[in-house]
1. With a cut-off of 8 Å between alpha carbons and a minimum separation of six or more residues, what is the relative contact order of the chain in percent?
2. Say each of residue 138 and residue 103 gets a label point 7 Å from the Cα, pointing the same way as Cα to Cβ; how far apart are those two points in nm?
3. So, R0 is 22 Å and r is the distance between the beta-carbons of residue 254 and residue 222; what FRET efficiency does that work out to, to 0.05?
4. Cut-off 10 angstrom, C-alpha nodes, Gaussian network model of the chain. Which of 225, 257, 215 fluctuates the most?
5. Tell me the volume per residue, in Å³, of the convex hull enclosing the alpha carbons of region 133-275.
6. With only alpha-carbon pairs counted, each pair once and no self-pairs, how large is the Kirkwood hydrodynamic radius of region 24-277 in angstroms?
7. Based on the Cα coordinates of region 147-187, what is the per residue volume of their convex hull in Å³?
8. When the helix-only estimate is applied to the chain (DSSP H runs of n ≥ 4, each -39,500 (n - 2.57), divided by the residue count), what is the mean residue ellipticity at 222 nm, nearest 500 deg cm²/dmol?
């Protein structure tokens, strides 16, 4: 899964658990959109995540996508514009920042071994668009990105594909019939009404927990949709949303899964992580 591959729009399903885990309580730690970039030079939060993982010992860690912002690849700012010369980083600066973030995470994870997955988001998708617009460089950005992920033992789930864990689907954002990410204030309810399985996603940065009853011969059948919020520094607002009413939720999310459903949810705020694992505590 983590090997170099060119961008593919066709959604697929990747199963990361086998039949022997079907009756097990599966503990998954989900890290929402982190939006690492050179504009956030302090990488301490990635150490907090790792320290919490060592303490709580989940079975699997999922970073739900938009690990990086990739402003170097945005098509909203033209490369030949004055704004680009002032504000747009070069791609390798974005990669250097990403490398530092993953290094911080792995340093504090220490010798503790846990399976780690990164489900690509729309901000990682920027590099595919960038390469598509510059065919002579096609694949070069991806090669650098995938190389860093491989160096730090992150398995990459391509954009638009589901990572299946214990019967639950993990994806950056579910894709609607028009090929766009579900978004907006009611997106979780829309997904819950349409989905046959529980789904965990990010993208909007607003935490939600929607449970919808289903007509079924199975007693008390339901679908549960979790939006995990974001894992940026508390109250950080990305430049594209500076003048918006965001309502963003800053946290990570612990899930317990059994019987093909999300059964328990525990959210830990970024403020709590800083208080428990910040610089004043070893």
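1. Dividing the mean separation by the residue count of the chain yields 24 percent.
2. Output for this residue pair reads 3.4 nm.
3. After rounding, the FRET efficiency stands at 0.65.
4. Sorting by GNM fluctuation, first place goes to 215.
5. Normalising the Cα hull of region 133-275 by residue number yields 162 Å³.
6. 18.8 Å
7. On the way: hull volume 4.6 nm³, N = 41.
Hull volume normalised by residue count: 113 Å³.
8. Value at 222 nm, helices only: -8000 deg cm²/dmol.
Bear in mind that the values in this text are calculations on the coordinates, not laboratory data. Everything numeric in this text was worked out from a predicted model, so none of it was measured. Here the Cβ is made from the backbone with ideal geometry for all residues, glycine too, and neighbour counts use every protein chain on show.
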